[in-house]
Amino acid sequence: EQGFGWREVMGERHNMRALLKNYEPANALRALMELLSLRQPPRRKLAQMKNFAWNLLLLPDTLRQRWRIQSGRRRSDSELKRLIVDRKDVPIRL
């Protein structure tokens, strides 16, 4: 592996799933597209595409969990954005 380890790859996999469960649909799609458009070494990009495919396989379960989470939601993404520190070194921002 070229400087990226198992924890990084698994973290990305679960971050993608968290985006799908918690963000408003348009923001989730935008964030995933930004993530997938990042330039990375070929082996790292392959790992990223595998993570994306994993999330597609689990999409029915993710959407069930999303429904449960969103039914109790009280704040919009725009309201939460004020509470999140926006850093330029973090590739995905709300």
Peptide ranges 15-23, 32-40, 72-80 listed from the most packed, as the mean C-beta count within 10 angstrom indicates:
15-23, 32-40, 72-80
Note down the nm distance, to one decimal, between modelled labels 7 Å out along Cα→Cβ at LEU59 and at GLU79.
3.0 nm
Under the Karplus relation with 6.51, -1.76 and 1.60 and θ = phi - 60°, whole-Hz ³J(HN,Hα) for the range 10-18, x at Gly and Pro, equal 5, x, 5, 4, 6, 5, 4, 5, 5
At 25 °C and 0.890 mPa s, what whole-number value in µm²/s does Stokes-Einstein give for the translational diffusion of the range 1-81, with Rh from the Kirkwood sum over Cα pairs?
180 µm²/s
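Read the figures in this text as sums done on the coordinates, not as results from a lab. Note that the structure is predicted; figures quoted are calculated from it, not measured. Neighbour counts run over all protein chains shown; Cβ positions are idealised from the backbone, glycine included.
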